[in-house]
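Novice: Supplied in structure tokens, the structure appears directly below.
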Amino acid sequence: MKWSIFKLLLAGGMAGMTLLPLCAQNDSIAPAVKERRWDKREHLRYDERWERLKPTHLKWQYAGGMGLNSVGVGWDYGRRCQWETDCQVGFLPAKYAEKFRLTFTVKQNYIPWSICFKEHWMAEPFYCGLYITTIAGDEFWKKEPGRYPNKYYNFSTKMRPYIFVGQRFGFSPHHDLVRHVSLFYELSTCELYLISKATNKSLSMRDILRLSFGVKVQLFRDE
């Protein structure tokens, strides 16, 4: 992972923050029904409440502390679909551990804005969130086993909380099922890395940050 990627991420976020007020100033629609011409996100209109349980998107992610590869479904919600909740299942091949492992992740994303270019292209220059990952296996624990001295291990080996920032870029195809397809990358770190950084000044940001990337497929084009 290159440190320049982290600088690029920050620059993209600042650029998006600069565009936000400029676009808002050109919006002449009343505040109660305010629409952003540069932000085309909107909710699907379901006829039945139970239909809201249907996932709104699919995701595939490489790395990120949730296995070598992970796939899952998610739901977006909020006034501008700025919130997302994902549930993903991943795997870690035996060559990266003593044996094949499954991982399970619950992920919460916050996407403050989306910028559309022309008709089919869009960018989310900055988003952030957190997720919790757990790994299958009896040898991992949530609480310290009694065979170890008290507070010998001050962290769980089974569950790991992460925070992250990222960017997404996508396009909208002419398809009834798929609303748009986005490519994304994220920089993440967990509490164990942050504690190590605080107690060991020799560690650099490269040592505690992890790069991941993936694909999001937004489903069910609204008619």
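The values are calculated or read from the model by the stated rules, or taken from the named source; none is laboratory data. Note that the structure is a prediction, hence the values are computed from the model and not measured. Reconstructed Cβ throughout: ideal geometry from the backbone, glycine too, with neighbour counts over all protein chains shown.
Novice: Tell me, yes or no, whether region 81-93 has at least one residue that is hydroxyl-bearing (Ser, Thr, Tyr), within 21 Å of Leu211 (Cα to Cα) and either without any contact (Cβ under 8 Å) to a residue 40 or more places away in the chain or in contact with a strand residue (DSSP E or B) (Cβ under 7 Å, 6 or more places away or on another chain) (or both).
Specialist: Yes.
Novice: Given the criteria at pLDDT below 85 and touching an Asp or Glu at 6+ places or on another chain (Cβ under 7 Å), does Ile29 qualify? First the steps, then the outcome.
Specialist: Numbers: at pLDDT below 85: yes; touching an Asp or Glu at 6+ places or on another chain (Cβ under 7 Å): yes.
Spelling it out, Ile29 is indeed at pLDDT below 85 and touching an Asp or Glu at 6+ places or on another chain (Cβ under 7 Å).
Novice: Looking only at region 146-177, count every residue that is exposed (fewer than 10 other Cβ atoms within 10 Å of the Cβ) and either small (Gly, Ala, Ser) or modelled with pLDDT under 70 (or both) and tell me the total.
Specialist: Qualifying residue count for the region: 7.
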